[in-house]
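Read through the structure below, which is laid out as structure tokens, and then see the notes.
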Amino acid sequence: MLQLRSKETLDHGDRGWLKARHHFVVSADGNPANGPLGPIVVWNDDEIAPGTGFGRHSHANMEIVTYVRQGAVTHEDSAGNVGRTVAGDVQVMSAGTGISHSEQNRDGDPLKLFQIWLRPRQHGGQPRWDSRKFPKADRAGRLVELASGEQNAEALLIRADARVLGATLLAGTTLTHSPAHYRHAYLAPARGVILVNGKRVAVGDGIAAIDESELTITAEEDAEFILVDAA
């Protein structure tokens, strides 16, 4: 089953410094049609103004994956981690028993990112943070694992029954993807327009898949997208 979540159906907010669209419902008065998919509970499409960001706040028992679409995010946390993750790259944070952190745009241009929250396979554990470079050239015409709950030396480790993948496609090209043993998948373009099993998905939209044995993804125009498989 496929469910197109067009940008018109997504909850959104504008705080001035932050413009956000929520692919998954985050409040009681949000769109109930856009509910969780297995362990995927949040997928925010955020734009953060220069010189601003999220101040120090806390999380526990959540896996948070950040894909930077434009600009750079600076991370600091209570475990002593400090890092800067730039466009095309990924950071992950396992909140575990509890961690506080801030996410700032210290550059002169708007910061755009996907922030994806996944329920961990079990509560607790030592909090941790990591970041890694993922050159877009390595993703040309194929999906590459960016973060995974499975052992994969090339991907960032997360403590969830899920994997986060990314690809770039030239206009007119196609790739196929099998979710394997994962029941749920969610896909959103970071750039361009794609067709997923014939359904058109543009920047700002997302598409949920449940129990689809194969996804055929074709670029209507040059495109970049993120896909999450989950139990």
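The values are calculated or read from the model by the stated rules, or taken from the named source; none is laboratory data. Since this is a predicted model, take the numbers as computed values, not measurements. A quick note on method: Cβ atoms are made from the backbone with ideal geometry, for glycine too, and the neighbour counts reach across all protein chains shown. Surface accessibility is based on the protein's heavy atoms, side chains included, excluding ligands, DNA and RNA. Shrake-Rupley method; radii C 1.70, N 1.55, O 1.52, S 1.80 Å.
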For the range 14-22, Karplus couplings with θ = phi - 60° (6.51, -1.76, 1.60), whole Hz, Gly/Pro x:
9, 9, x, 6, 10, 10, 9, 10, 10
With label points built 7 Å along Cα→Cβ from the Cα atoms of L175 and E145, find their separation and express it in nm.
1.4 nm
Estimated inter-spin distance, E221 and R56, nm [label 7 Å along Cα→Cβ]
4.4 nm
Here, Q70 and M1, labelled 7 Å along Cα→Cβ, have an inter-label distance in nm of 3.5 nm
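R0 = 35 Å: FRET efficiency of R191 with D211, Cβ-based, nearest 0.05?
E(calc), rounded to 0.05, equals 0.80.
Which net charge results for the neighbourhood of F114, defined as the other residues with beta-carbon distances under 9 angstrom from its beta-carbon, given Lys and Arg at +1 and Asp and Glu at -1?
Values: positive: R69, K112; negative: D45, D46.
Spelling it out: positives minus negatives among the neighbours equals 0.
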With a/c under 1.5 counting as rounded, go ahead and sort the range 1-132 into rounded, prolate or oblate using the C-alpha gyration tensor (a ≥ b ≥ c being the square roots of the eigenvalues; past the cut-off, prolate if a/b is larger than b/c, else oblate).
oblate
Can you tell me the accessible area per residue over the range 12-106, all protein chains present, probe 1.4 angstrom, in square angstrom?
39 Å²
Given 16 as the ceiling on other Cβ atoms within 10 Å, longest exposed-site-free region of the chain for GluC sites (Glu not before Pro) in DSSP loops
1-149
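Can you put S6, S178 in order of accessible area, largest first, using a 1.4 Å probe? It would help to have the intermediate numbers written out before the result.
On the way: S6 25, S178 65 Å².
Result of the area sort, largest leading: S178, S6.
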Residue separation between T97 and L157 times 0.36 nm, minus their alpha-carbon distance, gives in nm 19.9 nm
Keeping the other protein chains in place, figure out the carbon and sulfur percent of the accessible area of the chain, with a 1.4 Å probe.
49 percent
